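Everything below concerns the one structure shown next.
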Amino acid sequence: SSRNAGFESMAEVDWMKLFQKDARRRLSTFVNYSFIHAVYTDTQPAYTGKKVEYVPAHIFRMGATFDTGSFGITCQYSYTSDQFSDASNALSSPSGIYGLVPAYSVIHLSASYEWKRNGVVAGCNNLPDAKYFTRRAEAYPGPGIIPADPRNVYITLQVKL
């Protein structure tokens, strides 16, 4: 058994519409935060009061979007606090299967442009090429950590027929 308690909040503001109701462009910012306190209760004495695995206490995201109708660009920052990968809350293990999953931050950027019946969407995930991991594996491809994807760039061309 476990008890999960927390809250999540989100706010978004379109700055253009805030000052001009009929604005054709959009400049919006958003922020999202969640806090979760998840602990084991009424279970084996070795685990009672320990944090539930893979439940980060803090997740924070913020970003901004600028959009003209034909052109748009969005940037998002995301932070996830550290978390444990097992019920014992071990900081590490010789096999690498169990242990702390450290906090990490990542930034994504995307843009799009449309012209008549054509368009292009491009972006970059993990813009700063941060080195982090989000899970630990017991078997394939492990044992050990599963690293997150490195920086990657994508481009999509669109033609409407």
Which of the following values of Cα Rg over 2.2 N^0.38 Å was calculated from the structure shown: (1) 2.23; (2) 1.37; (3) 1.77? (2)
Where only protein heavy atoms count, and the probe is 1.4 Å, what is the accessible area per residue for the chain in Å²? 65 Å²
Which lysines does residue 51 reach when only Cα atoms under 27 Å apart count, and residues fewer than 8 places away in its own chain are ignored? 131
Using a Förster radius of 22 Å, what is the FRET efficiency between residue 34 and residue 133 based on their Cβ-Cβ separation? Nearest 0.05, please. 0.60
Taking R0 as 45 Å and r as the Cβ-Cβ distance between residue 25 and residue 4, the FRET efficiency 1/(1 + (r/R0)^6), rounded to the nearest 0.05, comes to 0.65
Quick one: if you stick a label point 7 Å off each Cα along the C-beta vector at residue 122 and residue 156, how many nm between them? 1.6 nm
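The values are calculated or read from the model by the stated rules, or taken from the named source; none is laboratory data. It should be emphasised that the depicted structure is a prediction, and the values quoted were computed from it without experimental measurement. Here Cβ is always computed from backbone atoms with ideal geometry, including for glycine, and neighbour counts include all displayed protein chains. All accessible areas refer to the heavy atoms of the entire protein, side chains included, with ligands and DNA or RNA removed. Shrake-Rupley method; radii C 1.70, N 1.55, O 1.52, S 1.80 Å.
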